[in-house]
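**Student:** Quick one: the structure is below, and I'll ask about it shortly.
Values in this text are rule-based calculations from the coordinates and carry no lab data. None of the values given here were measured: they were computed from a predicted structure. Glycine also receives a Cβ, built like all others from the backbone with ideal geometry; neighbour counts cover every protein chain displayed.
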Amino acid sequence: MSEPLHLRYYAATGVITAVLLNLLLRTFVRLGGMITTLLIAAAIAAGLALVFRWREGRAPSNAERWRFTALYGGVLGLLYLGLLGMMYLQDTPSPMGLFLFSLHYLCYPLLAWWAFAPHHGRR
């Protein structure tokens, strides 16, 4: 399998999982806030990093780490922009609301970037 293609699968899996977990936990279980975002983002990042190491038999290279983070964060960023647009249709968010919204988004690519670090678990 070519390198860019398998990273797209990992990124797509992460995005789909993020959408489903957010819908499940925020809508049906009624959990919310930054803690829920951190738990979801950390679980997805750790799960994808573990699956990558298991399937590939190695840690991702720095190039793969950056490529994956750009794909995953980019697609989630587009979804978050759509969500932001829907927020503006309801009411203009306050600066603090925009700041918190940005923090919620940034959890996903930053934790993925951290989880895909090639040196985790090694001394």
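**Student:** Taking the Cα centre of the chain as origin and charging only Cβ (+1 Lys, Arg; -1 Asp, Glu), how large is the dipole, in debye to the nearest 20?
**Tutor:** Computed charge dipole of the chain: roughly 420 debye.
**Student:** Order by neighbour count: 17, 27, fewest other Cβ atoms within 10 Å first, most last.
**Tutor:** Fewest-to-most Cβ neighbours within 10 Å comes out as 27, 17.
**Student:** So for 87, 34, 96, fewest C-beta neighbours within 10 Å to most, what's the order?
**Tutor:** Going from sparsest to densest Cβ surroundings: 96, 34, 87.
**Student:** Run the simple label-point estimate for residue 58 and residue 16 please: 7 Å along Cα→C-beta, distance reported in nm.
**Tutor:** Between residue 58 and residue 16, the label points sit 2.7 nm apart.
**Student:** While we're on this one: Which FRET efficiency value, to the nearest 0.05, is calculated for residue 110 and residue 90 with the Förster distance at 35 angstrom and r the Cβ-Cβ distance?
**Tutor:** So, using R0 = 35 Å, E works out to roughly 0.80.
**Student:** Now, a different point. Percent relative contact order of the chain, based on C-alpha pairs within less than 8 angstrom and at least six residues apart?
**Tutor:** The value is 38 percent.
**Student:** Suppose each label sits 7 Å from its Cα in the direction of the beta carbon; what would the residue 42-residue 101 distance come out to in nanometres?
**Tutor:** Computed distance between label sites residue 42 and residue 101 equals 2.6 nm.
**Student:** Can I ask one more? Regarding region 3-115, what is the average projected area of its C-alpha convex hull, in nm²?
**Tutor:** Value for region 3-115: 7.3 nm².
**Student:** If each residue's Cβ is checked for other Cβ atoms within 10 Å, how do 100, 76 rank with the fewest at the top?
**Tutor:** 100, 76
**Student:** Using helices alone, what [θ] at 222 nm do you get for the chain, with -39,500 (n - 2.57) per DSSP H run of 4 or more residues, divided over all residues and rounded to the nearest 500?
**Tutor:** Computed mean residue ellipticity for the chain: -27000 deg cm²/dmol.
**Student:** In degrees, nearest 10, range 0 to 90: what is the angle between the Cα axis of helix 3-22 and the longest Cα principal axis of the chain?
**Tutor:** It works out to around 40 degrees.
**Student:** For region 3-115, build the charge dipole from Cβ charges (+1 Lys, Arg; -1 Asp, Glu) around the Cα centre, then report which of 60, 27, 88 sits farthest towards its positive end.
**Tutor:** Result: 60.
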